[in-house]
1. I'd like the residue in segment 289-307 that is within 16 Å of ARG260 (Cβ to Cβ) and touching a residue at least 24 places away in the same chain (Cβ under 8 Å) and, out of all such residues, is surrounded by the most Cβ atoms within 10 Å (Cβ to Cβ).
2. From the residues in segment 79-99 that are in a loop (DSSP other than H, G, I, E, B) and at pLDDT 95 or above, which one is farthest from GLY317 (Cα to Cα)?
3. When you go through (1) over 25 Å from ASP161 (Cβ atoms); (2) at pLDDT 95 or above one by one for ASP347, which number turns out not to apply?
4. Closer than 25 Å to ARG88 by Cα and surrounded by 20 or more Cβ atoms within 10 Å (Cβ to Cβ) - does that describe any residue in segment 364-371?
5. Please work out which one of (1) part of a helix (DSSP H, G or I); (2) in contact (Cβ under 8 Å) with a residue 12 or more places away in the chain; (3) more than 15 Å from ASP178 (Cα to Cα) is the condition HIS228 fails and give its number.
6. Being hydrophobic (A, V, I, L, M, F, W, C), part of a loop (DSSP other than H, G, I, E, B) and either farther than 22 Å from GLY171 by Cα or without any contact (Cβ under 8 Å) to a residue 40 or more places away in the chain (or both) is the filter here; which residues of segment 340-389 pass it?
7. Please go through segment 168-181 and pick out each residue that is part of a loop (DSSP other than H, G, I, E, B), buried (at least 16 other Cβ atoms within 10 Å of the Cβ) and of a type in the set (A, V, I, L, M).
8. If we scan segment 260-281, do we find a residue that is of a type in the set (Lys, Arg), crowded, with 16+ Cβ neighbours inside 10 Å and under 19 Å from PHE201 (Cα atoms)?
Amino acid sequence: MRSPRVALLAVGPVIVAALHAHPFHAVPVDHLTPAQQLAFDRGSATFSKFHRIEDGLGPLFNEVACVACHGVEAGREGNRRNTHFGWRDNDVFDPLAELGGSLIQSRGIGPVTMGGATFDFVGEVPPPGSNVTAARGTLSLQGLGFVDAVPDATWFAIAADEFAADPATAGRVHVVIDRASRSAAVGKFGWKAQVPTLFQFAGDALLNEIGITNPGFRDELCPQGDCHALAFNPAPALNDDGTDVAALTDFMTMLAAPPRGTITRIEADGESLFTQIGCARCHLPTIQTGPSPVAALDRTSFHPYSDFLLHDMGSLGDGIGQGDASGREMRTAPLWGLRTGNKFLHDAIGATVTDAIMRHDGQARPARDRFARLARRDMDLLLAFLRSL
């Protein structure tokens, strides 16, 4: 068979600038061993790797590198938004997998010719059979090694404590399948807490965002659900043997948490108000890790301001069901690193922190309403605290 002929891929100046014009810099947790530092550095290189068609890019993808979505500075959230779609009938959600759902891959590698025939791989769009779409912003990766180091039993204990304190606002654990162990595990990552480990998160992102198949995600994405088109895939073999998945896992595991801003009496008073009006019930200030081979993650307290549980957010839900999470449910977003963000909530369209708070609904509505009733001075104190995170 003749080698496939593939069109040149237009990458775009923004991505080229991000990957080449600016040096990528990421800060690891403290006290790494020499071997751990080497693993972090290798993972950092993989994170900024520019994937090409010959590497297995695509044939459908959203970006050519992890850093293109998560930014060149320490894996922070970016301004890119992905689109999910599906079909909803009351409480029943269908991801329309047969039409390429629920995640849209917005780019394709272009025309590929084999055996005298050509198929043009182009970006997907929501199909006519869908009746719900949702945009999701890119999540920050900072500090996720701490979250990954928390034992599953701790998440169930947090949910139980919340239920004992107030059943009306309590979150729930999202139990999902760990693809590596093929057993049930607690989901902690993603807007729906649909991913249980950073290892699975890495493999999932390589496939669904860059189109790189790997041992945990072997099946190539079918363009708009048309799996016959994969006969034109120029790189049909397994694209990554697991090396890149492991490297990305190491990188995310040892990536430092966002640094805290200045804390004065103003910020301390603001945090007291944050707790008083009920925000800290879901945005839990402190969680304890379990045993870890990484010294900084080993049985230590960290401060994400999240319980990483699912909550019914009412109208703030994105309408997309994933796993056992309904369209109304969302994982509590961690607030650490909030001071460096400029877009808020899952759809990344909140222009200010106040806008984001006022869009809270469902189980968060009582806290939102208490915030809205604060005196101007108290509201300013609370916002000053949030801007210090």
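The values are calculated or read from the model by the stated rules, or taken from the named source; none is laboratory data. Just so we're clear, the structure is a prediction, and the values are computed from it rather than from any experiment. A quick note on method: Cβ atoms are made from the backbone with ideal geometry, for glycine too, and the neighbour counts reach across all protein chains shown.
1. Among them, the one singled out is PRO304.
2. The extreme case among them is LEU96.
3. ASP347 satisfies every listed condition except (2).
4. Yes, segment 364-371 has at least one match.
5. Going through (1) part of a helix (DSSP H, G or I); (2) in contact (Cβ under 8 Å) with a residue 12 or more places away in the chain; (3) more than 15 Å from ASP178 (Cα to Cα) one by one, HIS228 breaks only (2).
6. Across segment 340-389, the qualifying residues are ALA348, ILE349, ALA351, LEU374, ALA375, LEU389.
7. ALA170, VAL173
8. Scanning segment 260-281, I find no residue that is of a type in the set (Lys, Arg), crowded, with 16+ Cβ neighbours inside 10 Å and under 19 Å from PHE201 (Cα atoms), so the answer is no.
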